[in-house]
1. Which of the residues spanning region 90-111 are surrounded by 16 or more Cβ atoms within 10 Å (Cβ to Cβ) and of a type outside the set (Ser, Thr, Tyr)?
2. Could you check, for region 76-84, whether at least one of its residues is loosely packed, with under 14 Cβ neighbours inside 10 Å, acidic (Asp, Glu), modelled with pLDDT under 95 and in a loop (DSSP other than H, G, I, E, B)?
3. Give region 123-137 a look and list any residue that's part of a strand (DSSP E or B) and surrounded by fewer than 13 Cβ atoms within 10 Å (Cβ to Cβ), or say none.
4. Scanning region 23-68 for residues that are in a loop (DSSP other than H, G, I, E, B) and of a type in the set (Ser, Thr, Tyr), which turns out modelled with the highest pLDDT?
5. For Cys158, indicate whether it is hydrophobic (A, V, I, L, M, F, W, C) and touching a helix residue (DSSP H, G or I) at 6+ places or on another chain (Cβ under 6 Å).
6. What pairs come out if I take residues in region 77-98 that are under 11 Å from Phe52 (Cα atoms) and pair them with residues that are in a strand (DSSP E or B) and among the charged types (D, E, K, R) whose C-beta lies under 8 Å away, six or more apart or interchain?
7. Please list, ordered by first then second residue, the pairs with beta carbon atoms under 9 Å, 6 or more apart or interchain, first in region 40-62 and on the phi > 0 side of the Ramachandran plot, second part of a helix (DSSP H, G or I) and at pLDDT below 90.
8. Which condition number does Thr147 fail, the rest of (1) surrounded by 12 or more Cβ atoms within 10 Å (Cβ to Cβ); (2) closer than 22 Å to Ile59 by Cα; (3) in contact (Cβ under 8 Å) with a residue 12 or more places away in the chain; (4) among the hydroxyl-bearing types (Ser, Thr, Tyr) being met?
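The values are calculated or read from the model by the stated rules, or taken from the named source; none is laboratory data. A quick note: this is a predicted structure, and the numbers were derived from the prediction, not measured. As a convention, Cβ positions derive from the backbone with ideal geometry for all residues, glycine included, and neighbour counts pool all protein chains shown.
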Amino acid sequence: MKTKAMLILSILLLSFTLTACDPFKGLRGYGQKAGANGKSKRFKNARGEARFDCQKGFIHAHEGNSYLEKHGLPLEIGGNFICDGDTPKLPKDCQGREIRSEAELNAFTTKHQLPLALNDFICKNGVPTIPVKDLEYWKRHESIMPTCKDSHGRKRPCV
């Protein structure tokens with residue numbers, strides 16, 4: 001009985017010591033962009049950009065999940081929904097299937113060499129393309145922060 005109590009006590013002390021002595025505590029957040037690690041007050045899309053609701057007001061980070069639930073969208077989509085008038089909806093691929101999560105959207109855009117977080121694309125002959133009205137916007141965005149990769153794995157602009 002005494003050895004069991006000593007074992008429990010030593011485990012508790014060890015776990016307390018490990019949590020109290022965090023050698024990397026002072027380095028947390030160092031080198032991260034502003035707003036990384038959940039410090040931003042805005043709901044974000046896959047690129048990490050603040051997201052508007054469909055009435056053009058910012059969605060605060062603490063309101064994001066309730067906004068999605070209110071409109072019947074899965075939480076996994078995050079800020080990557082599209083707006084149909086005042087109603088948020090899930091983006092669809094060129095076969096008409098809903099893209100239900102940020103991971104699915106990222107896989108889709110990577111597969112088709114589209115900019116990350118592009119969810120408002122048009123389909124021509126079953127191939128997604130950037131709408132002409134958005135082309136300049138995405139060229140500017142991709143020149144600043146490219147999201148596609150070349151055959152060697154280096155980042156390059158998608159547009």
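1. Of everything in region 90-111, those that are surrounded by 16 or more Cβ atoms within 10 Å (Cβ to Cβ) and of a type outside the set (Ser, Thr, Tyr) turn out to be Leu90, Pro91, Asp93, Cys94, Ile99, Glu102, Glu104, Leu105, Asn106, Phe108.
2. No, because not a single residue in region 76-84 is loosely packed, with under 14 Cβ neighbours inside 10 Å, acidic (Asp, Glu), modelled with pLDDT under 95 and in a loop (DSSP other than H, G, I, E, B).
3. First pass over region 123-137, keeping only residues part of a strand (DSSP E or B): 123-124, 127-129.
Selection gives Lys124, Val127.
4. Once the filter is applied, the top-ranked residue is Ser40.
5. Details: hydrophobic (A, V, I, L, M, F, W, C): yes; touching a helix residue (DSSP H, G or I) at 6+ places or on another chain (Cβ under 6 Å): yes.
Here the answer is yes, as Cys158 does meet what is asked.
6. Gly79/Lys44; Phe81/Lys89; Ile82/Lys89; Cys83/Lys89
7. If the second residue must be part of a helix (DSSP H, G or I) and at pLDDT below 90, the pairs left are Gly48/Ala36.
8. Only one criterion in (1) surrounded by 12 or more Cβ atoms within 10 Å (Cβ to Cβ); (2) closer than 22 Å to Ile59 by Cα; (3) in contact (Cβ under 8 Å) with a residue 12 or more places away in the chain; (4) among the hydroxyl-bearing types (Ser, Thr, Tyr) is unmet by Thr147, namely (2).
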